[in-house]
Amino acid sequence: MPATVFLALAALTLVSAGIVAFSKNIIYSTLGLLGTFLGIAGLYVTLSADFLSAVQILVYVGGTLTLILFAVMLTARIDKMKVSNPSGGIVPAFVLVALLLVALGTVAAQTAWPSEARPVMPSTAKLGHAFLGEYLLPFELGSIVLLGAMIGSVVLARRAVKRSWEKG
């Protein structure tokens with residue numbers, strides 16, 4: 001059963017990625033990207049990486065894909081645009097992809113894959129214990145750096161927008 005689920009998720013991911021790469025309609029490409037992201041999230045679940053799966057769904061499907069879809073939908077007359085990149089490099093692209101697949105297949109065939117059972121503790125519990133244990137200081141320092149970056153971006157954006165009554 002796990003092999004069947006893996007193969008179904010891998011097929012969903014690969015077929016959706018093919019739709020993204022080869023579709024001439026940008027809406028179909030965006031919907032193919034949705035299938036690709038969901039397939040990858042499912043593969044994370046099969047690897048017992050439930051935190052990465054949730055992040056994949058929240059960030060990529062919820063944020064990035066929605067942004068792309070709204071940008072496409074709000075763009076006026078996108079179907080009347082002239083294609084600026086003709087499909088002239090298809091043969092070199094296929095050669096490059098074939099070489100990459102051979103290299104990945106060789107690495108996958110020569111890797112000693114562990115076959116023991118999955119850990120009992122979910123990955124999110126391990127991550128939480130690590131953040132509150134040995135990685136507490138780096139986690140808090142990263143939080144402070146991100147807070148400083150957010151404050152800096154607000155200050156820079158505030159400076160860029162001056163009102164008529166502000167002196168500058």
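List of remarks:
- Calculated FRET efficiency, Leu156 to Leu132, Cβ-Cβ distance, R0 = 30 Å: about 0.35 to the nearest 0.05.
- Under Karplus coefficients 6.51, -1.76 and 1.60, residue-wise ³J(HN,Hα) of segment 23-36 in Hz, glycine/proline x: 7, 8, 9, 5, 5, 5, 4, 5, 5, x, 5, 4, x, 5
- Placing pseudo-labels 7 Å out from each Cα toward the beta carbon at Val95 and Thr64 gives an inter-label distance of 3.0 nm.
- Segment Tyr28..Val45, full-extension length gain: 3.5 nm, with 0.36 nm per residue of separation and the alpha-carbon distance subtracted.
- Shape summary: segment 1-78 maps onto an equivalent ellipsoid whose semi-axes, from the alpha-carbon gyration tensor, are 26, 16, 5 Å in decreasing order.
No lab work stands behind these numbers, since they all come straight from the coordinates. All of these numbers come straight from a predicted model, not from anything done at the bench. Every residue, glycine as well, gets a Cβ built from its backbone with ideal geometry; the counts of neighbours run over all protein chains shown.
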